[in-house]
Every structure is written in structure tokens, then in C-alpha cells.
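Input: a single structure, listed below in C-alpha cells.
The values are calculated or read from the model by the stated rules, or taken from the named source; none is laboratory data. Only a predicted model underlies this, so the values are computations on that prediction, with no experimental measurement involved. Note that each Cβ is placed from the backbone with ideal geometry, even for glycine, and that neighbours are counted across all protein chains shown. Surface accessibility is based on the protein's heavy atoms, side chains included, excluding ligands, DNA and RNA. Shrake-Rupley method; radii C 1.70, N 1.55, O 1.52, S 1.80 Å.
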Amino acid sequence: MRELLKKTNADYILNQMIFSSNMGKKYFQKIKKGLSFKEVEEQIQLTEKFFDLFEKEIIISIKSAISHINDIENTLFHINSKEVLDEIEMFEIKNFLYFSMRVQKKLNKEFNEIYFENPTDIFSILDPQNNELHSFFIYDEYSDKLKNIRNQKKEFQKNNLTENSEYIDIIKKEKEEEFKIKMDLTKKLKNHTTTLLEIFYKIAILDFLIAKSEIIEKYNLIKPILTNKIKLEKIFNPKVLDIHVSNKKRYQKIDFELEDKPTIITGSNMSGKTLSTKTIALIAVLLKLGFYVPAEKAELKYFENIYYLSGDLGANDKGLSSYAGEIKYINKAFIEAKNGNEILIILDEPARTTNPKEGTAIIEALIDELYSKKCSLLITTHYPNIIAENAKKMRVKGLMREKISEINEKNINNFIDYSFIEDEKANIPEEAITIAEILGVDEEFIKTARKFLG
Amino acid sequence: MNFIDSLINFETLSVVGLEKNTGKTETMNYIISHLYDNVKLGITSIGVDGETSDIVTKTKKPEITVYENMYFATTEKHFKLKKINAEIFYLSRRETPLGRILIAKSNEKGRILLSGPSTSVWLKDIMKEMNKIDKMKIIVDGALSRVSSSSPSITESVILSTGAALSLSAKNIIDKTVYKIKLMKLEEVNDALFDDLIDLDDGVYSVDEKVKKMPFKTLLSIKNIDIDKYGYNYYITGVLNNNFVKKILTKKHMEKYTIIVKDYTKIFLDKSIFEKFTKLGGKIKVLQKIDLKAVTYNPISPEGFTIESRPIMEKIKKKTGMTIIDVKKDLIL
């Protein structure tokens, strides 16, 4: 999954999430491994509920309260196995409760996934002075004996008798009494471990939801509708969108539909095939995390696994040649598909480094073997002459040829239509040389190339 | 105005030692005992083990005396060793090798072991957290004076502790101490120049008329460069070393040259080179000057030698005009 998050640019938006505590971050680390269908449903519902029931005005104060809470999961886990907690652990618990109570005040009771009752009874164990502060020490109020010992101690201090052996005895007695009190407090706290852990996890979820909602709003992500197909309207890649916006360049959002049968997409250079398929993969990956997605409308299917062969696959980390790495990756996807798993396979120009004849054969074979399986298959290619009877064939509209005279190196991006159209013949538009010309490649060179093209 | 009144006027103060074992802890205890009655005090330390010297010389790790209602920030490990009652207010998320940093308020007088955050940036954070709990004046048990933790960008005031640990020779002690005081008292640049220089990226700059970055990053690569074509006024964001000043010393008319550094902790010059340059009229200035409140003197070396304090203190006082205190005898000159 980690590799997928990187390859699809999912990391770009996910890394922008700002958590107020380590708890929310840890919760998200688990989600990042990928969710089951049921968990995805739950996450989407939870997010929707958050937007419905959470007023924006309270978010700042909740974030501030959460930011004071340390990750005390370990402390809470170990309460039961410990005979006695030390002062620092008790402070952690008190501090946690204090700021949880500040969060609690703001919670909507209807939001039962994160709502919890005010833990005042637990808090009062650690607040015998009833002064409602987050700080802690072993208070005199815990026992009369402790109070007496401390008064004696003060007398010695006042009279500068702290080197006296009696004074050392008093300190010893104080420590013994403190230990008894700590044991008693630990016993009392043990009765509440379930509640403490429940509050802890609810705050972790809340922290995560706040961070998530901020990203959703920043990029106008949309709630995906879970169905059994992929039908997307106006999808976009947030990373590329950000770059285009900062460069004041046009960004064309496109529609896409993936049916049961394999789909082949063709298109000339610079037609955005790589970006479009990457964005489709991104959307599938985000769904797998129960996230909202970058589109204006998204009907999506849940896949058990996602395979994405990225178009900008660089040198791979296993030290294999690029072809070897690629074919092994495809094989992994192939075997899982053959076994009947519901997976999504997106291959951006597979076998591109090999010769077109064999490359075409590899693509044909994939489609022939997998069209009847449960998997969804999307392939982009440059290779002409693909027959692939069992595949739906589409292409990127590409260069606006009617406006060719206006196009130059700087504005070319504005004269490419990135949308997909169905094209049963899977024609590869022969635009490479035209584009080279627009990009200002040497005239003689272009002329000769055209001569060879015939 | 008596000494304590003049001392009280600070927000953050670090106590730095000119050498190991010059009596930093005694100085801390001395200042705290004189101030705690008059102001709300907080103390902390820089470094995991503020007193590595104690490991070296195997002397006991010194304890600092705190008083009722005083705040202190120390590490978990040292907090757990305390014998006093203290109310915990804050626990850091980050950890030092001795555990997280706690901020607590003492409920009674007693001794504690002081340790603290391991970086100066973190130290600043901890001081901020302390002030969130209560407005207080903070004293930092600093490291050696060369280390950037005692830079004016961390604490605006400083007390320098010196003593017999420096040398067996009284003259040496005086020379080293006076030199350090001179560095701490170097003149600040004017406000306009400060504004021009404070936010510059790391590098070496010529600041004759316009501020111009010189084509080398550090002074290590200066050997083969003719600096004359860059003018006579330089600003160095990093450390100022002997080579650069030696290079200038090969020129004539020292009085034309001014070298600006961030603060005194950036100066790594041998005393002889510093003296030669400044005596010939060369100037060294700082962007930020630290407010040196006083110098303390510890007459006992860790090996047990005692060097009579009064004559030494008098000479230092005469040469620098600084208030100087023998914290053992409570003698203030």
C-alpha cells in the first residue's frame, strides 16, 4: 500500500494532514494500510456524519485541547499489569482527562462514534482539592497521616535541621505513605481502564477526522458512492492541479467510466494518458482508505487489491531491469486476477520498453486471459495494431487540429483536449512529429522524418 | 543600587562556565538564594547532562536548591530522584536520553538534580511552556560559554563563572577571563544595519555600501582569495576563525576593517590574534550583545588547589569594570 500511495500521488494530499496529537496520527497509520469493504463504508459514513454534526466554529478550540494531550496509550494499557503508577503516569492521566473534558463539552450527543460522557468521577480521583486543574502531585488531602508527616517535615526545614537523622526518617515515612496512596489511587483507576481507553480512541478518531475534513475542504474532495462500477465525473489530480494553479495554467478535469470488460486507452504523446490513469488509480486508492476523492461525482467499486503500473516508473528498487520489474509486477496482478479476486489493474503503457510486436502480444494475452475474470483492467498503450476484441477501446481526443496554426510551444497545453472518447478502431493518432514541430524541433529533421513516414 | 537589584532585571539568564568546574552550580545556588524571595523563578538546564565534567572528574553530580513555589524543568529520570514534593504541570512529548522533560512547581525547599532539553531550540520551547504556566524569570544552567546555548538569541542575560579550575597561574586565569568578558562586551551594530543583516542566509557578506554575498560559504576556503576586492566591512553568519583575521593582518591600515558576527559565541579566535587585530584599530562587532550581569569566581579547583580570590577578582574588576563575586565567601567586588 505504501508504494501505491507514493506512485499515485496520494501521499501528496495525505502528507498535508495536520494532526493535533500523536493519537490521530497513529490511528491514520493503521488506515493507511488499506481497509476492508465494511471499514471503508464506516469511514465514509463517519466523515459524512462529521460534516453534518460538527460546527466549524468549535474546531479550533477542540484542536487546541487535543494538542495538550500526550499519547498515553501505553500507560493506559499497562495500568492493569502494574501494582502502582508513579506520579508522572498519574499526571499523564489527569492531564488527559482534563483536556478530554474540554473536548467533551463541545461534542454532539448524536455523534455516538465519538461522543463520551464527562469522566468527572475519574477526574475527581486525581483532584482531591477539587480545584479542577490539570496539574498533579500527591496531595496532602489524600491522607491525614501524610499531612502530619509533611507538617513535621516543614518544621525541620524551617529550623534548618534538614541534615538531622530524624529528618531523613521523616522523609522515609513520607515516601512510604505516598507509596500507599499511589497504590490506592492505582487500584481506583484500574476500575476505569475501559472508559479511559474508550475516551482515548474516540479522541484519536476525532483528531483524525478533523485533519481529514480539512484536506477534504481544501481540495473540494467528494464523497464517493459505493456501487459495483466506476463512473467518474470531472476528476483531477490535486498535486498537478496545485502546480497548474500556481503557474496560472489551464487544468482540464475529465470524465471516465470503467466497465466490466477491459479498457484500452490510446493517445498521442502529451495527451495526458499518464496523468489521467494516475488520477484514476489515486481515486481507487483513496477509496481504499475510506477517503473522499478528487472528482465532482464519483461512483466507485471497492477492490480487494489495486495494481498500478505507473507510466513514470523509474529504476526500480529491486535492481531488476525495468522490463523485468514490470513484467514481474504484471504477473503478480495476473495471478491474483486469475484466482478470481476482485482487483483493479491499471497498466500505463505496459511492455513499452520491448519491441512493439511482442509488446502487442503481451497486451493481447492479458486481455484475452482476464476479460472473463472478476478483475477490472485498464491499459494505456502506444502500440498500433491491437485487436483486443474483448476490450472496450478509447482514446484521448488530443491535439485540436483545427487550431493548429495558433499552437506553439508555450500554449500547446491549451490546445489539447484531454477527454476520453470511444474509438473502436483504437487508432493511434499520428501526432508525434506534429508535436515535435510545435515544440520547435529542427525543420530539416522534421522534414526528413515525414519523408520516412511516407 | 545593590547587586541583587541590578541582577533582578532580566527575563532569561544563563549561567555559563568559562571552563569545566568553575563553579556553575554554586553560582546557580547563589543567585537563586538571593532572588527567590523577590521574584517568581523558574530554572532549567541545557543538555542531557549539564555537568559532564562530573563524569570526567567523578565528583558528585551537583544538586540545585529550590524553594517553595519555584518552578523547575528537568528530565524524568532526575525528577524521579527528587526528595521534595513537587506539582507536575507539563510533560514533553520529545525525549532526551534521560526521558521526557517535566515542568514542576516545588512545594517545599529542597535539592533537585537539574537537566534539560538537548538543543537550544528545544530549550526555547521549554522556556515558553514555563511562561505559559506562570509568568516567571528563568535561569538556565548553561553549558560552556562557547556553546551557542549561551547565545543572546536564547537568553538575553548571562552570568559568567570562572575560577581556579582554569589554570594554576593567576595570570592565566585573569587573562582568559578578561578576554571572554571583552568578547561578551563587544559593541553592537546600529539598528539599521541589524535589520539588514539579521535575516540573511548563511554565508559571508561584504557590507561596505550594499550588502553583498561573497562567493564562498565559510571562512575555511579563504586562503587563496584576495579579500581586498570585497571591501573592508564583513559580516559572517558562521564562526569567525583565526585564518580570516590573519589574512586581514597581512594588510595595512587595520583601522579600516570591521568584522561583524552574530554574537560572541561565534568568535573562535586566539586571544593573541584578537588583541593584535583590535590594538591595530580593527573592529569586531556583534549583531546581538548579551547582557553580562556579573562574573563569579570559584577559588577552588577540582583537584583541591585554592587560589586566593581577592587579588584576582580585583584585577579582573579593574580591567573590565564588571561586578565580580566569590560565591563561596559571598564577597562582592
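Scanning segment B:104-123 for residues that are surrounded by fewer than 17 Cβ atoms within 10 Å (Cβ to Cβ) and out of contact with any strand residue (DSSP E or B) (no Cβ under 9 Å at 6 or more places or on another chain) yields B:THR119, B:VAL121.
The set of residues from segment B:40-61 being modelled with pLDDT of 55 or more and open to solvent by less than 30 Å² (accessible area, probe 1.4 Å) comprises B:LEU41, B:GLY42, B:ILE43, B:THR44, B:SER45, B:ILE46, B:GLY47.
Is there a residue being within 23 Å of A:ASN269 (Cα to Cα) and at pLDDT below 80 anywhere in segment A:317-339? Scanning segment A:317-339, I find at least one residue that is within 23 Å of A:ASN269 (Cα to Cα) and at pLDDT below 80, so the answer is yes. The sole residue among A:GLU422, A:GLU364 that is surrounded by fewer than 18 Cβ atoms within 10 Å (Cβ to Cβ) and in the same structural domain as A:THR279 (by TED's automatic domain parsing) is A:GLU422. On the stretch given as segment A:53-71, residues that are surrounded by 14 or more Cβ atoms within 10 Å (Cβ to Cβ), part of a helix (DSSP H, G or I) and more than 14 Å from chain B (Cβ to nearest Cβ) total 6.
Screening segment B:164-197 for residues that are open to solvent by 50 Å² or more (accessible area, probe 1.4 Å) and not in a helix (DSSP H, G or I) and picking the one that is modelled with the lowest pLDDT gives B:LEU168.
Picking from A:PHE37, A:PHE50, A:PHE19, A:PHE28, which residue would you name as being within 14 Å of chain B (Cβ to nearest Cβ) and either in contact with a Leu (Cβ under 7 Å, 6 or more places away or on another chain) or in contact (Cβ under 8 Å) with a residue 12 or more places away in the chain (or both)? Only one candidate qualifies: A:PHE19. Taken over segment A:106-120, the criterion of being out of contact with any Leu (no Cβ under 7 Å at 6 or more places or on another chain) and surrounded by fewer than 17 Cβ atoms within 10 Å (Cβ to Cβ) is satisfied by A:LYS106, A:LYS109, A:ASN112, A:GLU117, A:ASN118, A:THR120. With A:GLU117, A:GLU174, A:GLU178 as the choices, which residue is within 10 Å of chain B (Cβ to nearest Cβ) and under 50 Å from the mean Cα position of the chain (by Cα)? Answer to the check: A:GLU178. Can you tell me which residue is surrounded by the fewest Cβ atoms within 10 Å (Cβ to Cβ) among those in segment A:23-52 that are more than 16 Å from A:ILE225 (Cβ to Cβ) and acidic (Asp, Glu)? Within segment A:23-52, the match that is surrounded by the fewest Cβ atoms within 10 Å (Cβ to Cβ) is A:ASP52. Candidates are the residues of segment A:121-164 that are open to solvent by 20 Å² or more (accessible area, probe 1.4 Å) and in contact with a Leu (Cβ under 9 Å, 6 or more places away or on another chain); the one that is farthest from the other protein chains (Cβ to nearest Cβ) is A:ILE125.
For residues that are within 18 Å of A:ASP140 (Cβ to Cβ) and modelled with pLDDT under 85, scanning just segment A:157-171, find the one that is farthest from the chain's Cα centre (by Cα). Step by step, filter segment A:157-171, then rank; the result is A:LYS158. Quick check: anything in segment A:12-25 more than 11 Å from the chain's Cα centre (by Cα) and of a type in the set (Lys, Arg)? No, the conditions are met nowhere in segment A:12-25. Anything in segment A:72-92 that is open to solvent by 50 Å² or more (accessible area, probe 1.4 Å) and either within 11 Å of chain B (Cβ to nearest Cβ) or charged (D, E, K, R) (or both)? List them, or say none. Result: A:LYS82, A:GLU83. Considering (1) at positive phi; (2) assigned to a helix (DSSP H, G or I), the lone condition that A:SER405 does not fulfil carries the number (1). Those strands (runs of 3 or more DSSP E) of segment A:214-270 in which 3 or more residues are over 26 Å from the mean Cα position of the chain (by Cα) occupy A:263-266. Can A:SER20 be described as surrounded by 17 or more Cβ atoms within 10 Å (Cβ to Cβ), part of a loop (DSSP other than H, G, I, E, B) and modelled with pLDDT of 90 or more? Yes: the conditions hold for A:SER20. Which pairs have Cβ atoms under 7 Å, sit 6 or more apart or on different chains, and link a residue in segment A:213-241 that is in the same structural domain as A:LEU258 (by TED's automatic domain parsing) and without any contact (Cβ under 8 Å) to a residue 60 or more places away in the chain to one that is open to solvent by 70 Å² or more (accessible area, probe 1.4 Å) and assigned to a helix (DSSP H, G or I)? Sorted first by the residue in segment A:213-241, then by its partner, the list stays empty. Just one of the numbered conditions (1) in contact with a Leu (Cβ under 8 Å, 6 or more places away or on another chain); (2) within 26 Å of A:ALA295 (Cβ to Cβ); (3) open to solvent by 10 Å² or more (accessible area, probe 1.4 Å); (4) of a type outside the set (S, T, N, Q) is not true of A:TYR98: (2). Working only within segment B:69-104, note down all residues that are more than 9 Å from every other protein chain (Cβ to nearest Cβ), among the basic types (Lys, Arg) and farther than 21 Å from A:HIS68 by Cβ. Across segment B:69-104, the qualifying residues are B:LYS77, B:LYS82. Every listed requirement among (1) of a type in the set (Gly, Ala, Ser); (2) open to solvent by 20 Å² or more (accessible area, probe 1.4 Å); (3) touching a strand residue (DSSP E or B) at 6+ places or on another chain (Cβ under 9 Å) is met by A:SER246 save one, (3). Evaluation of B:GLY17 against the conditions (1) open to solvent by less than 10 Å² (accessible area, probe 1.4 Å); (2) within 24 Å of B:LEU292 (Cα to Cα); (3) modelled with pLDDT of 90 or more shows that the sole unmet condition is (3). Strands (runs of 3 or more DSSP E) fully within segment B:214-325 that include at least 2 residues being polar (S, T, N, Q) and buried (at least 21 other Cβ atoms within 10 Å of the Cβ): B:291-298.
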